[in-house]
1. Beyond 17 Å, what share of the Cα-Cα pairs of the range B:1-127 is found? Please give it as a whole percent.
2. Enter the mean number of other protein chain beta carbons within 10 Å of the beta carbon of each residue in B:266-277, as an integer.
3. Rounded to whole Hz and in sequence order, give me ³J(HN,Hα) for the range B:128-144 from the Karplus expression 6.51 cos²θ - 1.76 cosθ + 1.60, θ = phi - 60°, writing x for Gly and Pro.
4. Distance between the C-alpha centers of the range B:71-116 and the range B:10-30? Whole Å please.
5. For B:PHE174 and B:LEU141, what is the calculated FRET efficiency with R₀ set at 56 Å and r taken between the beta-carbons, to the nearest 0.05?
6. Quick check for you: with a 1.4 Å probe and neighbouring chains kept, what is the accessible area per residue of the range B:311-394, in Å²?
7. Taking amide H atoms as placed 1.01 Å from N in the peptide plane, list the residues 5 or more away in sequence, or in a different chain, whose amide H sits under 5 Å from that of A:LEU226.
8. Please compute how much accessible surface disappears when B pairs with A, both sides summed, using a 1.4 Å probe, and round it to the nearest 100 Å².
Amino acid sequence: MKSKKILEMKSITKTFPGVKALDNVTFSVTEGEIHCLVGENGAGKSTLMKVLSGVYPFGEYEGDILFSEEIQKFRGIRDSEKTGIAIIYQELALIPELTVYENIFLGHEIQKNGVLNWNETIKQAGEILIKVGLDINPETKVKELGVGKQQLIEIAKALSRDVKLLILDEPTAALNEDDCDNLLQLLKDLQSQGVTSIMITHKLKEVIRIADMVTVLRDGQTICTLNAGKGEVSENILIKNMVGREINNIYPSRKHEISNEIVLEVKNWTAHNKQYGHNILNNIALNVKKGEIIGIAGLMGAGRTEFARSLFGNPDHYVITGNLYIDGKEKLFKHPETAIEAGLAYVSEDRKKNGLILIQDIKQNITIANLNKIRKKIIIDDNAEIVTAEKYRNALSIKTPSIEQKLNKLSGGNQQKVSLAKWLFVNPEILILDEPTRGIDVGAKYEIYTIMNELVTQGMSIIMISSELPEILGMSDRVYVMSEGQITGEMPTNEATQEKIMHLATN
Amino acid sequence: MALKELRTELRKNIRGYGMYIALFVIFVIFTITTDGIFISSRNISNLMNQTGYIAVIAIGMTLIIVIRHIDLSVGFLSGFLGAIAAIAMTFWNLPVYVVIPMVLVLGFIAGLITAYPVAKLGIPAFVASLAGWLIYRGALLMATLKTGTIVIPNKAFNAIGNGYIPDIFASDKFLPKTHKLTLLLGLITIIWLILSSVKARKSKQSYNFEILPLDLFIGKQIFVSVLIGIVTWILAGYNGLSWTFAIVLLVVAIYNFVTKKTVIGRHIYAVGGNPEAAELSGVNVEKVTFIVFGSMGMLAGLAGILYASRLQSATTTAGTLLELDGIAAAFIGGVSVAGGVGSVVGSLLGAIVYTSLTSGMNLMGIDISSQYIVRGAVLLGAVIFDVAARKLGD
Ligand SMILES: Nc1ncnc2c1ncn2[C@@H]1O[C@H](COP(=O)(O)OP(=O)(O)OP(=O)(O)O)[C@@H](O)[C@H]1O
Ligand SMILES: [Mg+2]
């Protein structure tokens with residue numbers, strides 16, 4: 001096969017006020033390959049892809065884009081779509097209230113004489129769904145599907161157009177292992193049908209498994225392009241190029257000093273959803289000791305997030321029966337406010353939807369859950385607020401020109417760090433982390449794990465929900481496995497294996 | 001160098017400064033087209049009084065829109081509460097100092113009632129408050145049914161809409177014909193503003209935080225001082241500060257403080273920015289909704305008082321369309337429909353722009369039909385500018 005360049009980006013520079021997001025970046029992709037783009041949070045990966053797809057139109061960046069060996073001057077996404085580029089963003093762009101088939105054909109509806117042909121649409125949607133390996137009714141509403149399936153629908157949406165180059169920005173960040181497998185396999189299948197893909201990811205195992213070529217970005221510059229065929233791609237080489245130094249242990253070790261004091265205990269915990277008339281959670285029993293990290297593993301939809309939220313003031317208004325004890329005292333929280341007062345904190349899994357206030361700046365987001373701490377009488381002390389924000393900016397190395405930067409201008413991983421900072425500032429007794437390292441680069445992950453270890457050493461207890469089994473095994477002292485709203489297993493981590501957990505999660 | 005910094009500073013806050021520039025341009029245009037009548041002490045003084053009740057509604061509405069709701073009921077609510085005030089004074093013979101707090105409390109309760117279906121049952125505020133719009137319209141008609149217009153005989157009450165603060169330093173020798181107390185208040189305000197900015201700057205400096213460069217800082221202080229100075233001087237040249245405008249300034253000061261400096265203020269903007277995230281951060285969204293609607297109702301009561309006292313009577317049509325004037329003023333002042341963005345001071349300026357248009361065009365003798373069209377165009381222009389400015393600021 002003669003290797004023809006499908007894409008060449010030459011000397012691309014893109015600046016935002018106070019930030020040079022891309023600095024003379026060169027990036028080229030050969031037809032038919034799977035090309036991974038990696039780098040730390042804020043390295044400029046998403047920005048590079050937004051330049052390519054016309055989100056930042058011609059004229060807002062410097063440099064040249066050659067696609068199919070022609071210079072392109074996209075004025076918007078429509079232009080790039082016409083040439084056969086499809087991009088799936090870090091944040092999903094589906095319309096929850098619409099059905100699957102409506103979403104797939106959104107923007108290029110099948111019509112005859114100006115009238116939509118729904119039957120044909122549904123038929124074709126069904127065919128595409130089979131292609132992406134989804135066994136669902138195209139007439140389902142998107143909001144009823146889990147993230148994993150939604151991600152596949154995004155791909156279906158891209159395939160419904162004549163796509164030559166498929167770009168995926170962290171497609172697997174929110175997926176569990178099975179869904180990841182499906183997705184990677186799908187990319188391989190598409191590759192054999194001639195589709196070229198660019199994939200951004202922080203999961204290096206995936207890179208090793210799937211990439212033909214890898215380009216590493218750091219601080220807005222191209223560091224290198226590695227060829228998997230020549231054996232240039234390994235975890236160590238990737239990390240070294242991404243971070244600029246070597247990291248030997250992904251999971252830092254700590255001295256486990258767990259006391260016997262139980263800080264949180266749940267018994268017969270059942271949550272009923274009145275709207276759908278069934279139980280979301282069934283008879284859950286679980287406890288957490290002081291200074292302990294417990295991991296909750298399970299598949300998407302096992303009810304882990306629902307469980308966390310039902311503890312944390314029950315914002316979904318489930319009908320709850322059962323008992324919750326904090327430090328031995330029975331509690332029932334009617335609102336997150338009271339849960340926080342009692343020493344709980346919950347870092348939500350979906351930072352955009354319910355974690356952050358994107359139109360506000362970093363400092364406002366960090367302090368919102370604990371304004372009382374920076375208050376002098378009734379006045380909020382601006383200086384204390386700045387000091388606080390700067391402290392967490394340094395502790396979590398949040399990459400930003402200033403703590404007055406709005407959240408919607410931060411890269412995905414840096415947003416996640418702000419979300420975490422908000423709850424660290426609350427300094428809770430029990431910290432519930434729901435997918436805490438989603439979208440976070442290897443270096444920063446290590447920092448977050450280190451912080452978690454410090455916190456438990458100081459006597460905090462952590463409940464960590466994670467879909468990444470290595471993370472569960474690497475960080476927790478004890479593992480609970482959930483499946484369909486129930487706890488299906490519990491074990492000390494040193495007795496746990498991936499196979500054991502997967503078995504319990506799927507039964 | 002300073003010029004460049006000025007440019008970036010302006011760019012960063014273009015929306016805020018844009019309002020001042022727009023106001024300035026409007027003032028200059030009307031001053032020219034009316035041969036200076038527009039800028040006369042008498043007219044400016046009138047203008048501020050007319051702005052009064054719209055500004056009060058606009059301020060309450062700002063917070064409502066910030067938390068992503070709307071309140072259509074407040075126009076007729078203010079008319080109705082004005083009528084209650086009139087009835088309380090003329091027929092029940094209640095003294096002013098009872099009537100005013102009573103009306104404010106009633107307004108607050110009315111706001112809570114509007115909030116109930118919104119906060120507790122999830123009914124869209126548009127619908128809930130539209131019901132209020134109909135109900136209060138009926139209530140106003142009912143209240144004025146027997147008598148028609150109710151004339152208010154109470155001098156103290158009528159002074160609120162027509163009177164001026166007394167000049168305790170009246171003198172024929174020193175600056176005759178100017179209102180010395182007004183000047184003094186203006187001066188105190190200027191000094192207080194400068195001192196508190198200097199203090200805030202020093203405090204930031206001691207932490208090594210980012211601050212405006214010194215020349216820009218001084219420039220800003222001069223600009224603000226001159227602006228306040230001019231307004232004070234113009235007002236002092238007529239009867240001085242009116243009670244209405246004094247009340248509006250007080251409301252602005254309180255609301256500005258609460259929204260910018262206190263926990264509840266932060267909570268309001270957090271709810272507007274992302275209600276779900278706010279809820280999970282321990283903000284009680286329901287409580288915030290009740291407070292914001294309650295405050296709106298209370299301000300509707302205040303607007304009703306200002307309006308009734310200005311007309312010295314309660315009429316069957318009082319408050320008609322006032323809610324829409326308030327909404328328009330808030331949008332001109334930079335509130336965002338998407339929620340989470342908007343300021344009290346902005347809405348005050350928006351209200352001044354809005355009434356300046358009426359006042360200026362009246363002076364020019366432009367007929368009412370064209371006036372509506374111009375006001376519509378300005379509203380649209382302001383919102384378009386808003387969107388563009390926000391993109392630029394990004
Ligand atoms: N609209 C914007 N305005 C200002 N700065 C921006 C904007 N978008 C991105 N940036 C900045 O540009 C840099 C690169 O961001 P980008 O989103 O491309 O990072 P990334 O490599 O995708 O990171 P992540 O892995 O966290 O998603 C970051 O420093 C970010 O703060
Ligand atoms: Mg990104």
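1. Pairs farther apart than 17 Å: 74 percent.
2. The mean count of partner-chain Cβ atoms within 10 Å per residue comes to 6.
3. Using θ = phi - 60°, the values come out as 4, 7, 5, 4, x, 3, 5, 4, 6, 5, x, 4, 5, 4, 4, 5, 9 Hz.
4. Using only Cα atoms to place each centre, the spacing works out to 36 Å.
5. For B:PHE174 and B:LEU141, the calculated efficiency is 0.60.
6. Values: 3470 Å² over 84 residues.
Per-residue accessible area for the range B:311-394 comes out at 41 Å².
7. It is A:VAL214, A:THR215, A:VAL216, by chain and number.
8. By this definition, chains B and A bury close to 2600 Å².
The values are calculated or read from the model by the stated rules, or taken from the named source; none is laboratory data. Note that the structure is predicted; figures quoted are calculated from it, not measured. Note: ideal-geometry Cβ built from the backbone for every residue, glycine included; neighbour counts use all protein chains shown. Areas reflect the complete protein model, heavy atoms only, side chains present, ligands, DNA and RNA absent. Shrake-Rupley method; radii C 1.70, N 1.55, O 1.52, S 1.80 Å.
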